[in-house]
Every structure is written in structure tokens, then in C-alpha cells.
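**Q** Below are the C-alpha cells for one structure; questions will follow.
The values are calculated or read from the model by the stated rules, or taken from the named source; none is laboratory data. Quick caveat, the model's predicted, so the values are computed rather than measured. Glycine also receives a Cβ, built like all others from the backbone with ideal geometry; neighbour counts cover every protein chain displayed. Side chains are part of the model used for accessible areas, which takes the heavy atoms of the whole protein and leaves out ligands, DNA and RNA. Shrake-Rupley method; radii C 1.70, N 1.55, O 1.52, S 1.80 Å.
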Amino acid sequence: MAQLLENVQLYFEYVIEWAILLCEIIGVAVVVVTAIKGVIAWIRKDSHVKLMIAEGIALALTFKMGGELLRSVIVRDWGELLILGAIIALRALMTLMIHFEIRTERHILGDDKDDKPAEPKKPKIAKL
């Protein structure tokens, strides 16, 4: 029984490590694709280039943070946990700053209509 549990734990760690690697690769790929699209938009003098880059970086950080959270599953000692917590805190802070930048840029460009819920229309009441 002990051997079975060790094997299950070993396979679980392999699956987690592959999932971490996949999240990290997706995060890097998103940054690379965003950078390429950003350069193309900058050459075309697109006014939404800053917004597009900020959204891409926010998405990449989300994948990278997902990888860090998965990494927390296989942490073995307190030192690793502290380092992991610091990394997660820094990435969360960067994500908040980028989302603030996105909101500000949308407001400047006039694209912030989607951020506010649509107000319901009041029914017209006929006066007699």
C-alpha cells in the first residue's frame, strides 16, 4: 500500500510539473505574440497600441500566476513557500497596476463604455 501511495504521489508531481510548464509556456507565448502585434500596431500608428499591449501583458501575467499557484502544490519547505508568496504578491501587484493602466487608457480613448453596466430604460407613461 505504501508503494502505491508513493507511485501516486510521484505521478501527481509529474502532472503538476507539466501543468506548470504549460502555464509558463503559454504566458511566454502570449507576451511574444503581444509584442509582435504591438510593434505592428505601433508601425501603423494605431491609437490603441498601448491598450492592446497592456491587455496582453495582463493575460500573460494571469497564466504565469496560475503556474506559480500550481507550484505551491509541490512546495516542500518554508523557504520555498516564502519565495513563492513573494513572487505571487509581486505578480498580483503588477496585474493590479496593469489593470489600472488599461482602465485609464480606455477612458482616454473613449472606449470605457463597456466597463459600465447599461442602465435600464424607463418605460414611457402616457399622460392623460
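**Q** Of (1) free of Cβ contacts under 8 Å to residues at least 60 places away in the same chain; (2) open to solvent by 50 Å² or more (accessible area, probe 1.4 Å), A60 satisfies all except one. Which?
**A** Just one mismatch for A60, condition (2).
Okay, residues lined up against (1) open to solvent by less than 60 Å² (accessible area, probe 1.4 Å); (2) modelled with pLDDT of 85 or more; (3) under 20 Å from the mean Cα position of the chain (by Cα); (4) closer than 30 Å to Q9 by Cα:
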residue	(1), (2), (3), (4)
E24	yes, yes, yes, yes
T34	yes, yes, yes, no
I43	no, yes, no, no
G66	yes, yes, yes, yes
M94	no, yes, yes, no
M97	no, yes, yes, no
E101	no, yes, yes, no
G110	yes, no, no, no
D115	no, no, yes, no
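**Q** Tally up the residues in region 34-52 that are part of a helix (DSSP H, G or I) and in contact (Cβ under 8 Å) with a residue 60 or more places away in the chain, please.
**A** Of the residues in that region, 1 qualify.
**Q** List every residue pair whose Cβ atoms lie under 9 Å apart, where the two residues are 6 or more positions apart in sequence or sit on different chains, the first residue falls within region 73-88 and is more than 17 Å from I16 (Cβ to Cβ), and the second residue, located anywhere, is outside any loop (DSSP other than H, G, I, E, B) and polar (S, T, N, Q).
**A** G85/S72
**Q** Sticking with this one: Somewhere in region 4-21, is a residue under 25 Å from T104 (Cβ atoms), under 17 Å from the mean Cα position of the chain (by Cα) and surrounded by 15 or more Cβ atoms within 10 Å (Cβ to Cβ)?
**A** Checked against the condition, which is being under 25 Å from T104 (Cβ atoms), under 17 Å from the mean Cα position of the chain (by Cα) and surrounded by 15 or more Cβ atoms within 10 Å (Cβ to Cβ), region 4-21 yields no hits at all.
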